[in-house]
1. When region 92-122 is examined, which residues are found to be under 16 Å from residue 133 (Cα atoms) and open to solvent by 30 Å² or more (accessible area, probe 1.4 Å)?
2. Starting from residues that are of a type outside the set (Ser, Thr, Tyr) and without any contact (Cβ under 8 Å) to a residue 40 or more places away in the chain, keep the ones in region 128-149 and report whichever is surrounded by the most Cβ atoms within 10 Å (Cβ to Cβ).
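The values are calculated or read from the model by the stated rules, or taken from the named source; none is laboratory data. Keep in mind it's a predicted model, so treat the numbers as computed, not measured. A quick note on method: Cβ atoms are made from the backbone with ideal geometry, for glycine too, and the neighbour counts reach across all protein chains shown. We work out accessible area using only protein heavy atoms, side chains counted, and drop any ligands, DNA or RNA first. Shrake-Rupley method; radii C 1.70, N 1.55, O 1.52, S 1.80 Å.
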Amino acid sequence: MFGQESSILLNSLLYKNNIFDYFVYFFAQIFPFLLMIVVFVFFLIIKKDIKAFLTVCLVTASSWSLTEILKFIFSHPRPFLSIPEFSPLFVFGGNDSFPSGHATVFAAVAMAVYFENRKLGIFFIFSALIISISRVISGVHYLADILAGLLLGFVIVYLSYKYIGKLRNK
């Protein structure tokens, strides 16, 4: 798998410092839920823009759906299942490593938020990258899974907004 050595190197950062391990776990498992709450609060409570909120949800759901189809097609084992050097921080999934669902979904959310609000979108893009790299460090993804997921999420949303933008203007 592409980036296997880099993935092993990133995973080797674990179990040297409990605080670092906690932050990796936090960004890989907890932070994504907090970001979804921010999307909800920002678009529905602060901005009161249900159309933007539904657009973000639609393009994110589309990205997630395509990822699930690709996971079924590729059926690639997670690194902790196939490489002895990997020490997972937590166990997540099985033969559904490629592409990363977390990377795809949060890249999609980040791009969609960016198209709706650039300042918040930059924060979300940075957050998607942090979540994604945390998934490699934690040992549940290869770097290639993450790169494919990020690319997939960004491209789907870019193309969706290009089309949706035309629909919104009509």
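1. If the condition is that a residue be under 16 Å from residue 133 (Cα atoms) and open to solvent by 30 Å² or more (accessible area, probe 1.4 Å), then 92, 98, 102 are the ones that fit.
2. The initial filter retains those residues of region 128-149 that are of a type outside the set (Ser, Thr, Tyr), namely 128-131, 133, 135-137, 139-141, 143-149.
Retained after the next criterion (residues that are without any contact (Cβ under 8 Å) to a residue 40 or more places away in the chain): 128-129.
Working: 128: 28, 129: 16.
The extreme case among them is 128.
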